[in-house]
Amino acid sequence: MSRTAIARLHLAVPPTNREGRDCMPPLDTPLRTIELAGQVGFCFGVKRAIHLAEEALESNGTVYISGDLVHNATVTSALEARGLVRTDTLNDKKEGTVIVRAHGLPAGEIRRLRDSGLQVVDATCPIVHHAQQAALTLEQEGYQVVIIGDANHAEIRGIVGTMTTQPLVIDSIEELRAAKASHRLKRKVGVLFQTTHALELCKDIVSELVFMCKDVRIINTICRPVQQRQDAAVDVARRVDLMIIVG
């Protein structure tokens, strides 16, 4: 099977507009070709999180979650319809089950939940967990940890909360330059990335950062399935007249 699936639209019933009038295009209108990117759908981390949530709902009593399990409104709504309880805080919960979202939580928070008597189902994506461990490794080796990503993203908050020192989180070359100018960027830095970040943006920031610091260690924490989907989207975009992204 080719890397790109191609389908043609065949209209069995003439479409109508809101007034009920026939709006079938003229017969000489060429058929439209739809190209589907070679890499689409949920990655294994999202599939794993959904599977764990469904198992918890089938075998446990009250099941809580703080935030969204994954970034997909259809999935989260379906899970809530099956009984998943979304809550703003877990501090007052003493019994039941809590699901850790795919973006993860700080390790200390997970320990606190278990110590409070809750059963914890950890649906953290393994690649996100790897990023958390990478941050700890760099910290223990004496590097200032620099995370390229969105400081407000749940994944980044989880990584930051896992560490004992405050990392530098930047999301643009301008933020990097501002950190350098304000002396917040040190000479020995360890770099990692938000797992879902665009590789090209990370490359641009790293290319400038290596000239600002004396000792730079980089751990590539970008999710490979995400990168494959980004590459596939760019590949399709180069060949089509209109790009539609569903999600």
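Quick look at the numbers
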quantity	calculated
The chain - mean residue ellipticity at 222 nm from DSSP helices (-39,500 (n - 2.57) per run, n ≥ 4, rounded to 500)	-11500 deg cm²/dmol
Ranked Phe44, Phe211, Phe193, criterion: other C-beta atoms within 10 Å, fewest first	Phe211, Phe44, Phe193
Mean projection area, nm², convex hull over Cα of the range 44-125	4.7 nm²
Antiparallel DSSP beta bridges within the chain, percent to nearest 5	20 percent
For the chain, the longest site-free run once GluC sites (Glu not before Pro) in DSSP loop states with at most 11 other Cβ atoms within 10 Å are removed	142-247
Histogram of C-alpha separations across the chain, 10 Å bin width, %	6, 24, 25, 22, 14, 6, 2, 0
Share, in percent, of DSSP beta bridges within the range 127-222 that are antiparallel, nearest 5	0 percent
Span per principal axis, largest first, for the Cα atoms of the range 170-231 (Å)	37, 21, 15
Global size of the range 135-247 as Cα Rg and Dmax, reported in angstrom	15.6, 50
Residues Thr74 and Asp115, FRET efficiency given R0 of 35 Å [Cβ-Cβ distance, rounded to 0.05]	0.55
Crossing angle, helix 44-59 versus the chain [Cα axis fit, 0-90 degrees, rounded to tens]	90 degrees
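Read-outs: derived from the displayed coordinates by stated rules, not from any lab. Note that the coordinates shown come from a computational prediction; the quantities given were computed from them, not determined experimentally. Note that we place each Cβ from the backbone using ideal geometry, even for glycine, and neighbour counts take in every protein chain shown.
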